[in-house]
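Participant: Below are the structure tokens for one structure; questions will follow.
Rule-based calculations on the coordinates, nothing more; no lab input. These numbers come from a predicted model, not from an experiment. Every residue, glycine as well, gets a Cβ built from its backbone with ideal geometry; the counts of neighbours run over all protein chains shown.
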């Protein structure tokens, strides 16, 4: 019998054994039920959330357009709201979506933080775990793998069949290959509901303006790839431990302890360890830094040297002696200038804040090659579009829109308001020009680029686990 | 196991204390900043009142303009930390440590967050509650999963069964010792920590010790019952792992899903939109009145300049773009937010109450969630205390807003004395009784789980086949 046939026989026997065992049938059943529940719950959640966000956005647009004639700067202060939609792939992993704000107020002079994070109203049960595909794939599937494969070698050893097999000329490598193929096929079968469910959900949301279908499909392919690496690593480690352990009990205890540490304890410990690397400012410190920098960089009267210099430059540009002689409105110009100065400050400070958060996330995930949950959590939410970086993309897009509103409002003042006219009011047509915010998500390529170091970390996990498995198999002993 | 339990708990205590200290500092800084702003405005207002400095041109720069001041300065409403706050972070990491309350709508301050990395909020903090609720059962299970099966596998079970003392008594005694190791270690570490950190909370920590003991007994009884099925040690470990993950994660996830489907969380932006709509209505109404006024006066030949001196706040004849008009609009807008926003807020709170009621009932199905709630309530970081705090902030907001609105409506400017009489926020512990009820109810529920599993174990052990399957 050639090697391929031997491996095939081993794989088929292993699968038959597992399907025959009622304990494993229960395990398969529970996994599939959990997956289906997670998909159904996730789809309902995303549909409802996005419908609410769309309704809110429509209503805000109506309110905005219903403003009568008024000073454009007053309208800019009134501002608009930007509502964040959830990507359909939030189904695969809601990531930090529940802990991020869902709307941002775009008002004059100020880049506001997001508000209305759903987690506040969710209660404690949801903080332990939420019924999501990510929970099933990241936490439950490794346990399923452990429960299926912890006795892959120990069982043969305990029954004495390992000695028989080796004496028949079956090499440990063939045994490893055959058993691995069996487990991979079984896991593949378990993954079918997840893949079908995700496909159906993508189809439901195929017309989303914010999330193009092609991009979602590419992200899904990435997700499949990273989860395959993650779960393969778990399988390899499980087989390695089984090959090295003398009894099934020992293998199970070691693997369960590692699973608990990796899935539940390590993420908290790592969050704790990286929270000061770098340290994030408090809201008060952050807002004070902005206010002080703004005060330093520009003012609203000639008492401020930057304002006085700006006014002089304008007078020179138009070759006039006083503000009253200007063909444009000085107040509008100064408001635009004030905003522009603010943009630099906001770009710097918000950029720094999100860079710090990103750095914390990267440091946290860097140990993912030995604690795989750290890497998969980060990558999964990134490709699902529900990580901090994805949120920062939303924040940045909203800020671009806010700046468009500010510029239009200031320019209307600049070119239409007369000097000293406190009663100037722009017509409602101007509000119609300032369309409501529509989000367009970041491309999958930019995500892959950002997450490249963590992709290497996850690859490291799979490679390390495979090396460990191969070494363990090579030294496998029948007793 | 003693070392592992002690070390994890000590690390968690350090983490918990660090978290509470940073929140405390943050709350103090917010309070100080708000007080400094009020003090600075107060001085200027007094100087204006005494005629030492002129009234600024812009209403938002005028410290005497009642409604602008009411909506720009604030009184900080901070929730004082309980003596055992370090024990359980609970929901506190989701809420800012202090809320600056102003006369603007509730939406302007209720939904603001403290800066934090959302990934860390997602994973949670390695606090003592995590160790006691999630890890302690694992330590117990690691010591008890083979309490009977190992005896059988080693061949010593028959000897025990042959003794005159019933098997279940022997096994219960063995189990008690194994449960006592991590539980007593945890209790001793906790007592020592509280004596070092906050000795005044000794009574509360005794309550924690009682809860931890009952919780430990529950997991011990569960282990005994699983052993009673007569599986081998591997089978026991497998069943217990599944029991642990179901109780700690799968059931909570299911509860969250059911609650979310039956009573979805309220749409918080609804309040903002209502308030914004109200503000536009105020402007539109004012503009219409003003346009009508101008039309009428154009017919009679009057102009604004002739009669502004007799205008009142509600008079449409006020100058467009004037301080008076801006002040009037700000006041009307705040009043509109009071009418529109508050009713939505009350309605949303009612929805949340319904949601919490359902969650509270469903939580009883998981001893892990019950234990978590007990610890959060003892630590003062649970939902009951947050709800009470939130209600008190709401009431305080009403009094703050009324203070400014009534003065603004009467056209009263603020001077130093008026600043001194600004309402002050005081937090009152109003939910202690209800919280105590929840704690005791929780302990009783876990006790019932313990009794249930004990009865199951007793039944199984009385029919236990020493020779194995």
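Participant: Relative contact order of chain B, please, whole-number percent, based on alpha carbon pairs below 8 angstrom and at least 6 residues apart. Don't jump to the answer; show the numbers that get you there.
Facilitator: On the way: 560 pairs, mean separation 128.1, N = 469.
Relative contact order here is 27 percent.
Participant: Report, as an integer, the average count of C-beta atoms from other chains found within 10 Å of each Cβ along A:257-266. Spell out each step's value before the answer.
Facilitator: Values: counts 2, 0, 2, 7, 2, 0, 2, 9, 7, 2.
Mean partner-chain Cβ count within 10 Å for A:257-266: 3.
Participant: From other protein chains only, count the Cβ atoms within 10 Å of every residue's Cβ in B:10-18, then give the mean.
Facilitator: Numbers: counts 0, 2, 3, 0, 1, 6, 0, 0, 3.
Mean shielding count: 2.
Participant: Something else now. How large is the convex hull of the C-alpha atoms of the stretch A:4-114 per residue, in Å³?
Facilitator: Working: hull volume 15.5 nm³, N = 111.
Expressed per residue, the convex hull around the Cα atoms of the stretch A:4-114 is 139 Å³.
Participant: So, R0 is 41 Å and r is the distance between the beta-carbons of residue A:17 and residue B:365; what FRET efficiency does that work out to, to 0.05?
Facilitator: Numbers: r = 35 Å, r/R0 = 0.85.
About 0.75, to the nearest 0.05.
Participant: Can you give the Rg to Rh ratio for the protein assembly as shown, taking only C-alpha atoms and Rh from Kirkwood?
Facilitator: 1.05
Participant: Report the normalised scattering of the stretch A:1-63 as log10 I(q)/I(0) at q = 0.16, 0.27 Å⁻¹, calculated by the Debye formula with identical scatterers on the alpha carbons.
Facilitator: Results for the stretch A:1-63 at q = 0.16, 0.27 Å⁻¹ read -0.73, -1.01.
Participant: Another question, if that's okay. Hey, with R₀ at 56 Å, roughly what FRET efficiency would residue A:54 and residue A:273 work out to, going by the Cβ-Cβ distance, to 0.05?
Facilitator: On the way: r = 40 Å, r/R0 = 0.72.
E between residue A:54 and residue A:273, to the nearest 0.05, is 0.90.
Participant: Sticking with this one: Provide, in order from the shortest bin, the percent of all Cα-Cα pairs of the stretch A:321-367 in each 5 Å bin, continuing until the bin that contains the maximum pair distance.
Facilitator: Distribution as computed: 5, 18, 13, 12, 10, 10, 8, 7, 6, 5, 4, 3, 1, 0 percent.
Participant: Still on this structure: Which log10 I(q)/I(0) values does chain B give at q = 0.11, 0.13, 0.14 Å⁻¹ under the Debye formula, counting every alpha carbon as one identical point scatterer?
Facilitator: -0.94, -1.16, -1.27
Participant: Now for a different question. Please compute the contact order of the stretch A:296-392 in relative form: average sequence separation of alpha-carbon pairs under 8 Å and at least six residues apart, divided by the residue count, as a percent. Provide the component values of the computation, followed by the final result.
Facilitator: Working: 54 pairs, mean separation 14.9, N = 97.
Worked out over the stretch A:296-392, it gives 15 percent.
Participant: Report the Cα centroid-to-centroid distance between the stretch A:423-445 and the stretch B:411-442 in angstrom, as an integer.
Facilitator: 42 Å
Participant: For helix B:269-300, what angle does its Cα long axis make with the longest principal axis of chain B, in degrees from 0 to 90 and rounded to 10?
Facilitator: 10 degrees
Participant: Between the alpha-carbon centers of the stretch A:99-129 and the stretch A:15-36, tell me the distance in whole angstrom.
Facilitator: First find each Cα centre; the distance between them is then 39 Å.
Participant: Starting from the 7 Å offset along Cα-to-Cβ, what nm value, one decimal, do you get for the label separation of residue B:3 and residue B:358?
Facilitator: Simple spin-label model gives 4.9 nm for this pair.
Participant: Within the stretch A:374-414, what residues put their amide N at less than 17 Å from the label point 7 Å along the Cα-to-Cβ vector of residue A:317?
Facilitator: Of the residues in the stretch A:374-414, A:407-414 have backbone N under 17 Å from the label point off residue A:317.
Participant: I need to check one value: relative contact order of chain A, counting alpha carbon pairs closer than 8 Å and at least 6 residues apart, in percent. Spell out each step's value before the answer.
Facilitator: Values: 607 pairs, mean separation 127.2, N = 479.
Relative contact order of chain A: 27 percent.
Participant: A follow-up question, please. How much FRET efficiency would the formula 1/(1 + (r/R0)^6) give for residue B:40 and residue B:10, where r is the Cβ-Cβ distance and R0 is 51 Å, rounded to 0.05?
Facilitator: On the way: r = 45 Å, r/R0 = 0.88.
Working from the Cβ atoms, E equals 0.70.
Participant: Just tell me how shielded B:277-284 is by partners: mean number of partner chain Cβ atoms within 10 Å of each residue's Cβ, no decimals. Provide the component values of the computation, followed by the final result.
Facilitator: Details: counts 5, 1, 3, 9, 2, 0, 8, 4.
Across the residues of B:277-284, the mean count of other-chain Cβ atoms within 10 Å is 4.
Participant: Could you work out how far the C-alpha centroid of the stretch B:12-84 sits from that of the stretch A:202-219, in angstrom?
Facilitator: The stretch B:12-84 and the stretch A:202-219 have Cα centres spaced 47 Å from each other.
Participant: Relative to the longest principal axis of chain A, what angle (0 to 90°, nearest 10) does the C-alpha long axis of helix A:213-244 take?
Facilitator: 40 degrees
Participant: With angles folded into 0 to 90 degrees, how steeply does helix B:2-49 sit against the dominant principal axis of chain B? Use alpha carbons for both and round to 10.
Facilitator: The angle comes out at about 10 degrees.
Participant: 7 Å from Cα along Cα→Cβ at both residue B:206 and residue A:77: what's the point-to-point distance in nm?
Facilitator: Placing both labels 7 Å beyond Cα along the Cβ direction yields 5.9 nm.
Participant: Related question: So if I take the alpha carbon set of the stretch A:3-474, get Rg, then get Rh from the Kirkwood formula, what is the Rg over Rh ratio?
Facilitator: On the way: Rg = 29.1 Å, Rh = 25.8 Å.
We get a ratio of 1.13 for the stretch A:3-474.
Participant: Between residue A:26 and residue A:340, what is the label-point separation in nm under the 7 Å Cα-to-beta-carbon projection?
Facilitator: Distance between label points: 7.2 nm.
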